[in-house]
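The values are calculated or read from the model by the stated rules, or taken from the named source; none is laboratory data. On a predicted model such as this, the values are computed, not experimentally measured, just so you know. Please note: Cβ atoms are built from the backbone with ideal geometry, for glycine as well, and neighbour counts cover all protein chains shown.
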Amino acid sequence: MFTSMKLPLRSVIIAALVAPCSALPLSAQAGSDIHVGDLLLGPSSVEIRGVYNATDRPGYDNQPWFAPDGASLLYARIDDERPDIYRYVFADRSSVRLTETPGGDLSPSAFGETGEFLALSNGSVDDGPWGVWRFSASGEPIAPLIDPVYVANYYGIANEQVVLGWLAEGDGVLQRADRNDGTVTFVRDRVAPSPPQRIPGDSGMSIAEPNFLGQIWIKRLDLDSWEVTPIVPVVGQGWHYAWTPDGRLLMADGEAIFLRDPDTDEDWREVARFPGMGSISRVVVSADGTRIAFVAEGS
């Protein structure tokens, strides 16, 4: 049983532009780049080929998200101390700036097939609350995804009605936001700072959460009962992971990327290593499973 509530617009202040990257100021100071490559998914193996630095410049380039057709990706970039959303196009390896809203924008994700996207933003309101906003394909703010503005540090779209959001409150709070009426409902606490993700071929969502010993596990969240079921423990100390279209998991630790099939593998297997690149954090996979993008911190 859940307790429903309406959150006041200013119930959460996202300090220092805390968003899906909850340590943004540190990451921005260290610098980060997005590397992309071809992904070859075999029945029992994964290969990563042709990797190159897509955002080879000083500063913060992070939070990549593939467009549905895989021809481009969205990402957050910091210039002049303000984050904005950029689009990287694979055909000519070019980047174009999309957003220039007053407070900046972070955590882009594709939204439907029209080119629209979502981002954490204060939209067109100079002193408005940071929350999940819709943007046109060209980067113009359209409206909050949920009214009143749903404030979150990480978010994931469960279905046409439900948005799951993680808040940096206490030990980490997971909430359910209803797009129909704006109702925000507490789901559970002690959740790790990671965007909830759809599980391929499954009606549930995955979240990252520590067990009673403090070890982070990837878990399945049932959207009807809201119960969780452990899937696998993470590799290393991180909590960012990616699903492949066929239901396997990719995750980074240090300079390496690891693979695990939750149904058959007893442990994580290293599939690629990139010496000298820096510590790899986020990993994302295109919808068709043919491309991979990952973030190297300090590169």
Taking the stretch 189-209 and keeping residues surrounded by 18 or more Cβ atoms within 10 Å (Cβ to Cβ) and over 20 Å from residue 282 (Cα atoms) leaves 204
Among residues of the stretch 258-277 being touching a residue at least 24 places away in the same chain (Cβ under 8 Å) and touching an Asp or Glu at 6+ places or on another chain (Cβ under 9 Å), the residue surrounded by the most Cβ atoms within 10 Å (Cβ to Cβ) is 260
Is at least one residue of the stretch 236-243 surrounded by fewer than 21 Cβ atoms within 10 Å (Cβ to Cβ), within 17 Å of the chain's Cα centre (by Cα), at pLDDT 95 or above and in a strand (DSSP E or B)?
yes
Quick one: would you say residue 213 is of a type in the set (A, V, I, L, M), assigned to a loop (DSSP other than H, G, I, E, B), out of contact with any His (no Cβ under 6 Å at 6 or more places or on another chain) and without any contact (Cβ under 8 Å) to a residue 24 or more places away in the chain?
yes
Taking the stretch 273-299 on its own, how many of its residues are outside any loop (DSSP other than H, G, I, E, B), of a type outside the set (Gly, Ala, Ser) and under 16 Å from residue 39 (Cα atoms)?
9
Hits in the stretch 64-102 - residues which are modelled with pLDDT of 95 or more and of a type in the set (D, E, K, R):
77, 84, 87, 92, 93, 97
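Table: residues versus (1) in a loop (DSSP other than H, G, I, E, B); (2) over 24 Å from residue 286 (Cβ atoms).
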| position | (1), (2) |
| --- | --- |
| 52 | no, no |
| 64 | no, no |
| 96 | no, no |
| 113 | yes, no |
| 124 | yes, yes |
| 128 | yes, yes |
Scan the stretch 34-50 for residues that are of a type outside the set (Asp, Glu) and part of a strand (DSSP E or B) and jot them down.
34, 35, 36, 37, 39, 40, 41, 46, 48, 49, 50
Could you grab me the full set of residues in the stretch 215-228 that are closer than 20 Å to residue 162 by Cα, of a type outside the set (Lys, Arg) and either surrounded by 11 or more Cβ atoms within 10 Å (Cβ to Cβ) or within 20 Å of the chain's Cα centre (by Cα) (or both)?
221, 222, 223, 226, 227, 228
